[in-house]
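Below is one structure, written out as structure tokens, with a few remarks after it.
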Amino acid sequence: MNRLIEPVHKNSENVSLDDTLREFQAYLAKRNLSGSTIVSYLFGVRSFFRHYPELTPDNLQLYKAWLLEHYQPQTVNSRIRSLNAFLRFCQKDREFRLKSLRLQQKTYLDHVISQGDYEYLIRRLKEDGELTFYFIVRFLAATGVRVSELVSLQAEDAAQGFRDIYSKGGKMRRIYIPSGLQRETLSWLASEGRKRGPLFLSHLGTRISVSGVRSQLKAFALRYHLDPQVVYPHSFRHRFAKNFIESGGDLAFLSRLLGHENIETTRIYLRRTSTEQARILDRVVDW
């Protein structure tokens, strides 16, 4: 593998960058990385070699400095992860490994729809007969499902009250549909004469897309004079988690419901939003 560290040129005696990246892609696939992660890693490595022909410690540090000048810290860390994975593939990670940036962690959650705005939104959607999006918002906020998982739900899942989702490594996570929401959903499906197939349909009668959900939610935010920054799919997942914690739910169980690999990721829901913190401060500080 050491030859891959040498300068990479298409016409050189060394293996070409394209050949190297094909080997790297196969290496990543064998480790069960998701398709999107593999694409991201390949892009990150190509980005480095567009700037530097040789993978050396000095060039890595120069590239990191260039990233810091041009990108947000999260993007910089994403590129660093790509290169560190490539260095492991080349068996050079102990010598060349790049350190990720330490991101300052917020002490609050932001861009989470309030309970009041959530209740207002679903009431208006129901009043206006926008039942598909009424149920989309209800499912996001009552199950904690990701939008990519939401669009995969079937009418049959509503009938049985849950859906099992399998992630990489064969891990299974069950998405539970609360009984009240289940009854209401089955009544809606019956009124439309549907018993099977995709649960949520687009205006064309086909399975709704993730982008379709996102864009239509923004349109409803504008229609109902809500802040578009809090009317997006993941905001309702946050709402589910906060309501679950505030109702006395167990953090470890919530972590499993949300499909977090690490419970530390779930601890963010123990925090309050910045708006909530300001409200508490206004109530407490009277001097």
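The values are calculated or read from the model by the stated rules, or taken from the named source; none is laboratory data. What you see is a predicted model; the values in this text were computed from it and never measured. FYI the Cβ positions are ideal-geometry reconstructions off the backbone, even for glycines, and counts take in every protein chain you see. We work out accessible area using only protein heavy atoms, side chains counted, and drop any ligands, DNA or RNA first. Shrake-Rupley method; radii C 1.70, N 1.55, O 1.52, S 1.80 Å.
Annotations
- Verdict on L101 being hydrophobic (A, V, I, L, M, F, W, C), more than 21 Å from L21 (Cα to Cα) and open to solvent by 90 Å² or more (accessible area, probe 1.4 Å): no
- Close Cβ contacts (under 8 Å, 6 or more residues apart or on different chains) running from residues in region 22-35 that are closer than 18 Å to Y166 by Cβ and open to solvent by less than 90 Å² (accessible area, probe 1.4 Å) to residues that are modelled with pLDDT under 90 and of a type outside the set (F, W, Y) comprise L33/K168; S34/K168.
- The residue that is nearest to S215 (Cα to Cα), among those in region 130-161 that are more than 21 Å from the chain's Cα centre (by Cα) and open to solvent by 50 Å² or more (accessible area, probe 1.4 Å), is E130.
- Conditions (1) out of contact with any Pro (no Cβ under 9 Å at 6 or more places or on another chain); (2) open to solvent by less than 20 Å² (accessible area, probe 1.4 Å); (3) at pLDDT below 90; number of the one not met by L55: (1)
- Top-ranked residue of region 169-207 - restricted to ones that are touching a helix residue (DSSP H, G or I) at 6+ places or on another chain (Cβ under 8 Å) and among the hydroxyl-bearing types (S, T, Y), ranked as farthest from K126 (Cα to Cα): Y176
- Sub-7 Å Cβ pairs linking a first residue in region 235-255 that is under 20 Å from A221 (Cβ atoms) to a second residue that is at pLDDT below 85, at least 6 apart or interchain, are S235/H111; S235/V112; H238/L109; H238/V112; R239/V112; K242/V112; K242/Y269, ordered by first then second residue.
- R88 being modelled with pLDDT under 85, over 25 Å from the mean Cα position of the chain (by Cα) and assigned to a helix (DSSP H, G or I): no
- Any chance Y41 is aromatic (F, W, Y) and either buried (at least 17 other Cβ atoms within 10 Å of the Cβ) or modelled with pLDDT of 90 or more (or both): yes
- Residues (polar (S, T, N, Q) and assigned to a strand (DSSP E or B)) located in region 127-170: Q154
Table: residues versus (1) in contact (Cβ under 8 Å) with a residue 40 or more places away in the chain; (2) in contact with a His (Cβ under 8 Å, 6 or more places away or on another chain); (3) open to solvent by 60 Å² or more (accessible area, probe 1.4 Å).
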residue: S47; (1), (2), (3): no, no, no
residue: E69; (1), (2), (3): no, no, yes
residue: R88; (1), (2), (3): no, no, yes
residue: F96; (1), (2), (3): yes, no, no
residue: V112; (1), (2), (3): yes, yes, no
residue: E127; (1), (2), (3): no, no, yes
